[in-house]
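Here's the structure we're looking at; comments come further down.
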Amino acid sequence: MEPLTLRRGGEMRVLIKDGMVITARRTGRADVLVDGERIARVGKIRPSAADEVVEARGLLVLPGFIDAHVHFSLPVAGTRSADDFRTGPIAAAHGGVTSFVDFTVGHPEVSLPKALEGRLEEARPSCIDYSFRAEMVGWTPERVDEIFRVAEMGVRSFKFYTAYSDSGRRTPLGYLRVAMGAIREIGGVAMVHCEADELVDPRGGPFPSARPAVAEEVAIAEVGILARETGCRTYIAHISSAQGLAAYLDAKRKGALLMGETCPHYLLLDDRVYMRPDGYLFSVTPPLRKPVDFEALWRALGRKLLTAVSTDHCPFTRKQKEAGAEDPTRLPSGLPGVELLPALLFSEGVVKGRISPRQFAYYLTEGPAKAFGLWPRKGRLSRGADADLVLWDPDARWTVKTRHLHMDVDFSPYEGMELRGRAVAVMSRGKWIVREGEFIGAEGHGKFVPWQG
Ligand SMILES: [Zn+2]
């Protein structure tokens, strides 16, 4: 690894020299000049143009990564996901993630604008930028008006569940169709958790026997039809199975404006982990599938058929999960991931030749930025974009050890895994937040990014 040498102090203009710039569109050696919070220029730039010069020879320079699906401080089943808006963003920054999209906490009695106001307040400590999507729980005719109102507040993505009728979170297809019509009008996007409620047995917990791949396939097919019929841009969350993937591709072929996401755990883990004595720690919804499923998802990524790889970061400590070790209906679902997302995708994807470096950049930057209204401020490495940057050492070799990570959880599904590639320096809107692997950012530096365009 080449050391990052700081030649001169200064705040204003930072030149990142001689790195290999990688975006979804191009790969090539270039210098990047940052002026204040924005990227001023990319090309061959004289060091005299800058106050600070950072030597990046041997490093990749990428737009800051985006995790489009996280749940910080999520209240579930009488507890809360382990990371809050302070620890989660710091962990994200260590991995090279400079923007995230979280959710409002939907409630039948609370309007979407009110839920958004509360969450915007909660997110203030974040050290990196963020956006929200409005979670729809409990349908009333007023929800249509609320969709237009949150759009004015800068939020045009919405989350729906086709499952979880047991906890009241399901939106029946008839209401989903009405909502999709309104979301199309505001130029927004409907993100849907696709599992057919009738094919899920909540008494069986978050395991494949109770939440089979066919439930995902049926729900994606139905939602795909509604997306086609309403013309609403629709983002299928966390595709976990080959069957779900096939339904997604089929709906796209028939003209639905579908986008698709998968997560590291569906690309790296399979249902054999549930046989371990601590298998309950891997509880996640949808559940982990078979190796044949993750192979299908990797092939789709390699053919650029998906839009984003995000984490669905929703960690619970061992103690929180132990509550459900005996009773699967009390087992909180969700895995930590936000800090490891880029390294897992680089190591298992790029290094193993399953995806190209440009595809790696696409799934972590341009894909999610365009899907969720962050483009052209985020996900882009050219003049005028926010200076969110990652200096990535492609040759770093390291082993996942929970005690060395920064997520507020005492368990990693990837414990002991050997990884290649690591963020060595990370910049958020012109400020270094990670240098030499150390966090040097500030609480509250992160800002809400309203929907662009
Ligand atoms: Zn989620």
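The values are calculated or read from the model by the stated rules, or taken from the named source; none is laboratory data. Nothing here was measured: the structure is a model prediction, and the numbers come from that model. No Cβ is skipped: glycine too gets one built from the backbone with ideal geometry, and neighbour counts run over all protein chains shown. Calculation scope for accessible area: heavy atoms of the full protein, side chains included, ligands and nucleic acids excluded. Shrake-Rupley method; radii C 1.70, N 1.55, O 1.52, S 1.80 Å.
Solvent exposure of the range 316-453 amounts to 39 Å² per residue of accessible area, where only protein heavy atoms count and the probe is 1.4 Å.
Computed per residue of the chain from DSSP H runs no shorter than four, each worth -39500 (n - 2.57), the mean residue ellipticity at 222 nm is -7000 deg cm²/dmol.
Starting from the Cα of K252, draw a straight line to each of the aspartates and glutamates and keep only those under 13 Å, dropping any in the same chain fewer than 8 residues away. Leaving aside aspartates and glutamates fewer than 8 places away in the same chain, those within reach of K252 are E222, E229.
Taking Cα atoms only, the orientation of helix 173-185 departs from the longest principal axis of the chain by about 30 degrees.
A DSSP coil position with no more than 15 other Cβ atoms inside 10 Å describes the following trypsin sites (Lys or Arg not before Pro) in the range 280-363: R303, K304, K352. Assign unit charges at the C-beta atoms only (+1 for Lys and Arg, -1 for Asp and Glu), then state the dipole size of the range 164-222 relative to its Cα centre in Debye, rounded to the nearest 20. Magnitude of the dipole: close to 200 debye. For H404 and D201, what does the FRET efficiency come to when R0 = 41 Å and r is the distance between their Cβ atoms, rounded to the nearest 0.05? About 0.60, to the nearest 0.05. Between 0 and 90 degrees, rounded to the nearest ten: what's the tilt of helix 142-152 against the longest Cα principal axis of the chain? For helix 142-152, the angle is close to 0 degrees. Between amide H atoms placed 1.01 Å from N, distances below 5 Å from Y235 occur with A190, M191, V192, M259, all of them 5 or more places distant or on a separate chain. If you take all other residues with their beta carbon under 12 Å from the beta carbon of G337, and give Lys and Arg +1 and Asp and Glu -1, the sum is -4.
Only Lys, Arg, Asp and Glu carry charge here, each on its Cβ (+1 for the first two, -1 for the last two); on that basis the range 1-121 has a dipole of about 660 debye about its Cα centre. Ranking A182, F207, G168 by how far each Cα lies toward the positive end of the dipole of the range 163-208 (charges on Cβ) leaves A182 at the top. Charged neighbours of T23, selected by a Cβ distance under 11 Å, balance to +3 (K, R count +1; D, E count -1). Accessible surface computed residue by residue for the range 186-257, with neighbouring protein chains in place and a 1.4 Å probe, gives 35 Å² per residue. Can you tell me the 0 to 90 degree angle between the C-alpha axis of helix 242-253 and the longest principal axis of the chain, rounded to 10? Compared with the principal axis, the helix lies near 80 degrees. When D393, D166, D410 are compared by accessible area of protein heavy atoms, the largest-first order is D166, D410, D393, using a 1.4 Å probe. With semi-axes defined as the square roots of five times the eigenvalues of the C-alpha gyration tensor, the equivalent ellipsoid of the chain measures 34, 24, 21 Å, largest first.
Ranking A296, V338, P286 by Cα position along the charge dipole of the chain, where only Lys, Arg, Asp and Glu carry charges on their C-beta atoms, puts A296 farthest toward the positive end. Dipole magnitude for the chain: computed about the Cα centre from +1 point charges on Lys and Arg Cβ and -1 point charges on Asp and Glu Cβ, it is near 1640 debye.
Solvent-accessible area of the chain (1.4 angstrom probe, protein heavy atoms only): carbon and sulfur portion equals 50 percent. In plain terms, the chain is cut at each of the GluC sites (Glu not before Pro) found in a DSSP loop with at most 16 other Cβ atoms within 10 Å, and the longest leftover piece is 110-325. For the chain, what does the relative contact order come out to in percent, with C-alpha contacts under 8 Å and a separation of six or more? For the chain, the relative contact order is 21 percent.
In terms of distances greater than 26 angstrom between alpha carbons, the cross-link table entries K352/K431; K352/K378; K304/K370; K254/K370; K321/K431 yield K352/K431; K352/K378; K321/K431.
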